[in-house]
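Have a look at the structure below before the remarks.
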Amino acid sequence: MTTAHPLTELDVQPTPLALLLLGRDADPRSERGVECPGDLPAPSDPDLVARARAAKDRLGDRVFVLGHHYQRDEVIQFADVTGDSFKLARDAAARPGAEYIVFCGVHFMAESADILTGPDQKVVLPDLAAGCSMADMATAEQVEECWDVLSEAGVADGVVPVSYMNSSADIKAFTGRHGGTICTSSNAERALNWAFEQGDKVLFLPDQHLGRNTAVRDLGMSLEDCVVYNPHRPNGGLTAQQLRDAKMILWRGHCSVHGRFSLDSVEEVRARIPGVNVLVHPECRHEVVAAADEVGSTEYIIKALEAAPPGSKWAVGTELNLVRRLANRFAPQDKEIVFLDRTVCFCSTMNRIDLPHLVWTLESLADGNEINRITVDADTAHYAQVALEQMLALP
Ligand code: 13P
Ligand code: SF4
């Protein structure tokens, strides 16, 4: 994964990041994983597809494989169901008979699946290093400290936390403990409307862009209604007066993939492809969303392209694996679909789940070796579920 902005000294974390990105070592403050313990098959092994199929057949109904839309083609072909993070968590919950849920996605998604599935079901992440840089931008300690800052400023009582699905179970539990809700990119507007009926301010975690885009684009707030809380600065870099004046307190987090799309990408593609429709995910920066023709979650993007008329042209600002797949799928229907930017790359942690990891996972489970299980402790799971259920009950 590439970073969206040049690193400043404030962004530099004292963690062995390079090793973590290579799938080795551990960061106790992050949801990024640990070394993968097994002997993975070589990526060049010509029998990988046959081995994955054979292992999946051996497991039969005991295994249910979930594939997020951003997964590689080589992996998604083995998914029993595909979807966005919320749909996949619900799909997992709807399969109580499956002993193993193999989650081809990232760590926070596997945690949500563990929270929403039965106690006897085991959720497995094929590579423990498949974290999410956005989820890692809000740790439990940082968010507790933020709440103290809000209390000292005398505003905490009126603040309702709204946390994006793309957050760790700890952050979801914090949200549940403080009477807030989870949201996804499909229901963020409803979540904010609900939250402003409960209080007079929202603490939006961890994606500043989804929070700002929803507040300004959907709820009609101004950019001045939003402040950004930077966990690396004393008091978030904000004065008590700024906190009192703000309606939206946005956590300083972003998606390393969507945050890279720029206004230049939009202008360049409009000049290059006359008549093109620009369709972007709301994790993109505000100026990109403001310049786009349509904005929506991954499920929205797929449905918009399904409904598009033949001959239409689209530049799509979301993860590259999905855009490529949609371009190939709709080319025979004469729909031209291009990637919005020439330099933005795949989500590198999503891409960690490759065919060798999937084969290793399925073969290990079929041989009775329970590897890479993701579990959330009971207290965290309880409060995270409170916040998830609040989302399900949104009007
Ligand atoms: P959705 O799939 O929920 O739209 O989220 C996008 C994303 O970045 C997932 O990691
Ligand atoms: Fe996280 Fe962005 Fe990758 Fe999704 S696409 S897993 S939000 S870094």
Requested in this report: Would you please list the contacts, defined by Cβ atoms under 6 Å and residues six or more apart or on different chains, that run from a residue in the range 152-173 that is within 16 Å of ligand 2 (Cβ to nearest atom) and assigned to a loop (DSSP other than H, G, I, E, B) to a residue that is β-branched (Val, Ile, Thr) and at pLDDT below 95?
Outcome: 165/184
Query - Which listed residue, of 210, 238, is of a type outside the set (Phe, Trp, Tyr) and surrounded by fewer than 23 Cβ atoms within 10 Å (Cβ to Cβ) - result: 238
Query raised in the report: Any chance the range 111-123 includes a residue that's more than 13 Å from ligand 2 (Cβ to nearest atom), of a type in the set (A, V, I, L, M, F, W, C), touching a Gly at 6+ places or on another chain (Cβ under 8 Å) and in contact (Cβ under 8 Å) with a residue 24 or more places away in the chain?
Result: no
Query - Residue satisfying all of: in the range 313-338; among the basic types (Lys, Arg) and within 16 Å of ligand 2 (Cβ to nearest atom); nearest to residue 258 (Cα to Cα) among these - result: 324
Query - Flag for residue 135 being within 16 Å of ligand 2 (Cβ to nearest atom) and assigned to a loop (DSSP other than H, G, I, E, B) - result: no
Requested in this report: Quickly run through the range 62-88 and pick out the residues that are away from ligand 2 (no atom under 14 Å from the Cβ) and part of a helix (DSSP H, G or I).
Outcome: 62, 73, 74, 75, 76, 87
Query raised in the report: Tally time: how many residues in the range 238-289 are under 19 Å from residue 192 (Cα atoms), in contact (Cβ under 8 Å) with a residue 60 or more places away in the chain and not acidic (Asp, Glu)?
Result: 13
Report summary line: Looking across the range 287-331 at residues that are assigned to a loop (DSSP other than H, G, I, E, B) and crowded, with 16+ Cβ neighbours inside 10 Å, the single one that is nearest to ligand 1 (Cβ to nearest atom) is 297
Requested in this report: Could you please let me know if residue 63 is of a type outside the set (Asp, Glu), out of contact with any Lys or Arg (no Cβ under 9 Å at 6 or more places or on another chain) and away from ligand 1 (no atom under 16 Å from the Cβ)?
Outcome: no
Query raised in the report: In this structure, does residue 375 turn out to be more than 25 Å from residue 167 (Cβ to Cβ) and either assigned to a loop (DSSP other than H, G, I, E, B) or within 16 Å of ligand 2 (Cβ to nearest atom) (or both)?
Result: no
**Report entry** Those residues of the range 191-217 which are within 15 Å of ligand 1 (Cβ to nearest atom) and acidic (Asp, Glu), in sequence order
**Finding:** 207
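What about residue 336, is it surrounded by fewer than 20 Cβ atoms within 10 Å (Cβ to Cβ) and within 30 Å of residue 178 (Cβ to Cβ)?
Values: surrounded by fewer than 20 Cβ atoms within 10 Å (Cβ to Cβ): yes; within 30 Å of residue 178 (Cβ to Cβ): no.
Taking the combined requirement at face value, the residue does not satisfy it.
Quick one: would you say residue 346 is over 30 Å from residue 119 (Cβ atoms) and within 22 Å of the chain's Cα centre (by Cα)? Can you show your working first?
Working: over 30 Å from residue 119 (Cβ atoms): yes; within 22 Å of the chain's Cα centre (by Cα): yes.
For residue 346, the condition - over 30 Å from residue 119 (Cβ atoms) and within 22 Å of the chain's Cα centre (by Cα) - is met.
Yes/no matrix, rows are residues, columns are (1) crowded, with 16+ Cβ neighbours inside 10 Å; (2) within 21 Å of residue 171 (Cα to Cα); (3) touching a helix residue (DSSP H, G or I) at 6+ places or on another chain (Cβ under 9 Å); (4) not assigned by TED's automatic domain parsing to the domain that holds residue 168:
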| residue | (1), (2), (3), (4) |
| --- | --- |
| 196 | yes, yes, no, no |
| 201 | yes, yes, yes, no |
| 222 | no, no, yes, no |
| 231 | yes, yes, yes, no |
| 246 | yes, no, yes, no |
| 252 | yes, yes, yes, no |
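The values are calculated or read from the model by the stated rules, or taken from the named source; none is laboratory data. Note that the structure is predicted; figures quoted are calculated from it, not measured. Backbone-built Cβ (ideal geometry, glycine too); neighbour counts: all protein chains shown.
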